[in-house]
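Here the structure is laid out as structure tokens; the discussion comes afterwards.
What follows draws every value from the coordinates through simple rules; no lab data is involved. This one's a predicted model, so the numbers in the text were calculated from it and none came from an experiment. Every residue, glycine among them, receives a Cβ derived from its backbone with ideal geometry; neighbour counts consider all protein chains shown.
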Amino acid sequence: MINKRLLVKNLLAHNDENSFYDKKRFIAIGEREGKAKFLKHVCALANSNPFNNSFIVVGVEDEDNKIIGVDFFDDSKIQNLVNAYLQNPPLISYENIPFPHLEEGKVVGLVTIKSNGKVCSLKRNIWKYYGGSVYFREGSISLPKVFDIELKDINSKTVATIEQHARNNIELTLDGVIDFLNNRHKDLESDYKVFKEQFVVCWAGNKKVVKGETYYNRVDIELINEQVKLFYSNLDEVTIVYDEHSFTTMEYVQLGLGGNQKYYPLEKVMIQFENNGKYQIQSTLVFEPPQYDKKTLHHIYNTNNSLLSKIEAKIVLKPNEEEDIMHLADTYLICYLNGFEEAKEEMEKGRKLTKKHYPKVYTSLKEALRIIRKVRYN
């Protein structure tokens, strides 16, 4: 079993960017250009390493390898994105790797790419890249190739050695459990469960019981063996259920207009542990968004746009507007889910405008955009 934090360290310590490894300060797959560049690199790495894993490390400065981290990213539908745009798509995963020195909520992203052994290409046009294009790695650059397209095995031994050096052991596992329970979440209720005598899952959060059902918020869940953060959110409510073979979470989203708020199930994630040292993660989107009168939503949407215009113009908000701005993310999200697709662009704009003076609004907008990404990828 590979300790992903050690794997990241080994990649950064011993390798410049090459045909099986790339590093990024961040990736912006919520934007068309960022999505296109990400797909190009995935295609190139898959073709350059048809018989072993390739990696992209996200949250690292390019010049000095300084680990700066990125926001927790939910990868549950990223395979759908790759399947939609790539012919002969590789298997791909995005894992969130915690590092002790990073602030709460920040992680290092680790993208693992496993080719299916066939030439990967763009299935259709995206941004300035054309459908049918085939990319390979030339050193640290992903370049198109139009002739002599042949898959070669050049890195299997190197990658196998790196992964071997990142193998987990009992000391790392115990240290990880103790650190999670005693240091990182002193102010939260925390617990752990061992599955199949091999896997250790730790979780923490604020616990409350409503009508016999236990909910958590400020939730952090990690698979300690691999140093992978499975879930993180400051806002959403989560239920946790487990038995001897599986660990299941159901994420809820609070939505509504005015005082009429309700929790809606968003996504169910089940981790099933097997006796052979493997596990599978299955995610199911179960979200049924609330529907509202379009006339009412037009009024709310225009009010939100007006608030952002005032913030952009540095006009001091009135007391009632200060209250309205706190519901900006929720109301924009409801508008989007009811057919106002341009609300997403306004939310992206709102993130930039509220980051400095309205940090709570900024955080809630990030969470709302995460929900939109889940729905769109599904």
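The table below gives the values:
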| item | result |
| --- | --- |
| Dipole of the chain, positive end: most advanced residue of T173, N125, V108 [Cβ charges, Cα centre] | N125 |
| Too-long pairs where the Cα-Cα distance tops 29 Å, listed order kept, from K186/K360; K24/K157; K37/K374; K23/K118; K9/K123; K24/K355 | K9/K123 |
| Ranked list, fewest to most other Cβ atoms within 10 Å of each Cβ, for D324, D220, D74 | D324, D74, D220 |
| Fraction of the pair-distance distribution of the chain above 26 Å, Cα-Cα pairs, percent | 57 |
| Relative exposure of F72, F287, judged by other C-beta atoms within 10 Å (fewest first) | F287, F72 |
| Distance between segment 172-223 and segment 19-94 - C-alpha centres, whole angstrom | 29 |
| In Hz, Karplus ³J(HN,Hα) per residue of segment 162-178 (6.51, -1.76, 1.60; θ = phi - 60°; x = Gly, Pro) | 4, 5, 5, 5, 9, 5, 7, 8, 5, 5, 5, 5, 5, 4, x, 5, 4 |
| Projected-area average for segment 196-245 over all orientations - Cα convex hull basis, square nanometres | 3.9 |
| Most mobile listed residue (K229, K295, K35) in the chain, GNM with C-alpha springs under 10 Å | K295 |
| Least to most buried among T214, T354 (fewest other Cβ within 10 Å first) | T214, T354 |
| Relative packing of 191-199, 52-60, which averages over residues the other C-beta atoms within 10 Å, highest first | 52-60, 191-199 |
| Surrounding net charge for L223, when Lys and Arg each add one and Asp and Glu each subtract one, Cβ distance under 13 Å | +2 |
| Total charge dipole magnitude, segment 294-377, about the Cα centre, Cβ charges on Lys, Arg, Asp, Glu only, Debye to nearest 20 | 340 |
| Dipole in debye (nearest 20) - segment 234-273, about Cα centre, beta carbon charges: Lys, Arg +1; Asp, Glu -1 | 200 |
| Point-charge dipole on Cβ atoms (K/R +1, D/E -1) for segment 1-105, about Cα centre, debye to 20 | 340 |
| Charge context of K344, other residues only, Cβ under 15 angstrom, K/R +1, D/E -1 | +2 |
